[in-house]
1. Could you tell me which residue out of A:THR102, A:VAL15, A:SER65 lies farthest along the dipole of chain A toward its positive end? Charges go on the beta carbon: Lys and Arg +1, Asp and Glu -1, centred on the Cα centre.
2. In terms of the Cα gyration tensor, with a ≥ b ≥ c the square roots of its eigenvalues, is chain B rounded because a/c is under 1.5, prolate because a/b exceeds b/c, or oblate?
3. Among B:ARG38, A:ARG24, A:ARG18, which comes first, then next, by fewest other beta-carbon atoms within 10 Å?
4. Compute, for the protein assembly as shown, the length of the dipole vector about the Cα centre, with Cβ point charges of +1 (Lys, Arg) and -1 (Asp, Glu) only. Units Debye, rounded to 20.
5. Starting from the Cα of A:ALA13, step 7 Å along the direction of its Cβ; do the same at A:SER30; then give the gap between the two resulting points in nm.
6. With label points built 7 Å along Cα→Cβ from the Cα atoms of A:GLU81 and A:GLN3, find their separation and express it in nm.
7. For peptide B:104-112, what's the mean number of Cβ atoms from other chains within 10 Å of each residue's Cβ?
8. Can you give the longest run of chain B that contains no GluC sites (Glu not before Pro) sitting in a DSSP loop with at most 13 other Cβ atoms inside 10 Å?
Amino acid sequence: DTQMTQSPSSLSASVGDRVTITCRASQAISNSLAWFQQKPGKAPKSLIYGASSLQSGVPSKFSGSGSGTDFTLTLNGLQPEDFATYYCLQYKTYPFTFGQGTKLEIK
Amino acid sequence: EVQLVESGGGLVQPGGSLRLSCAASGFTFSDHHMDWVRQAPGKGLEWVGRIRNEARSHTTEYAASVKGRFTVSRDDSENSLYLQMNSLNTEDTAVYYCASSRGGGIFDYWGQGVLVTVSS
């Protein structure tokens, strides 16, 4: 199975900040990577697919990059509603595997 | 309006069985692959399994942790997705989400989740 390692596991930031979350795959997955946002008690929300393509309706403050084994999710101009947990998912091979999550908290 | 609504969760004893349902509306269900994703209390997301769309002959894939115990099925005429869970153990305690996908990593829609608790 392809293991996905996210870092950091938690992150404190202020409103208006720019933050970057990384995800590393244990083997090359091309650009078969998606990012999700999850708020407490809610279902995940899709943000990015294909490593860098924004899901419909997702604001451009979110951006993704990477290919192969190393990927990043960047959030610009943090707003209160952006504080949540973020997960990466590889869908190159079955079984699909999620990263362990990054909890973004208000400083 | 697009909706995915899970049902069928609850408390079950170890070794027991449960069948979850996911009712879809507002989109062309038969065109989408459908996935189950779960989340144990206080933990991260875990992909459980997928059933592909009609064009891909409804073939299935599973996580190793559930293979041989869980079965994903669908009824396109009823716009419904199912997860038959057998031989349940305490590690299967989680909120179970259904999600639709057009493929290519595009997970369009998610249900609100249903809680399954495996306990004696």
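Taken together, the values in this text are just the output of simple stated rules run on the coordinates, not laboratory data. Every value quoted in this text rests on a predicted model; they were computed, and no experiment measured them. A quick note on method: Cβ atoms are made from the backbone with ideal geometry, for glycine too, and the neighbour counts reach across all protein chains shown.
1. Sorting the options by dipole projection puts first A:VAL15.
2. Cα axes put chain B in the prolate bin.
3. By the 10 Å Cβ count, ascending: A:ARG18, A:ARG24, B:ARG38.
4. 400
5. 2.9
6. Modelled inter-label distance: 3.7 nm.
7. Partner Cβ neighbours, averaged per residue: 6.
8. Value returned for the longest uninterrupted segment is B:2-77.
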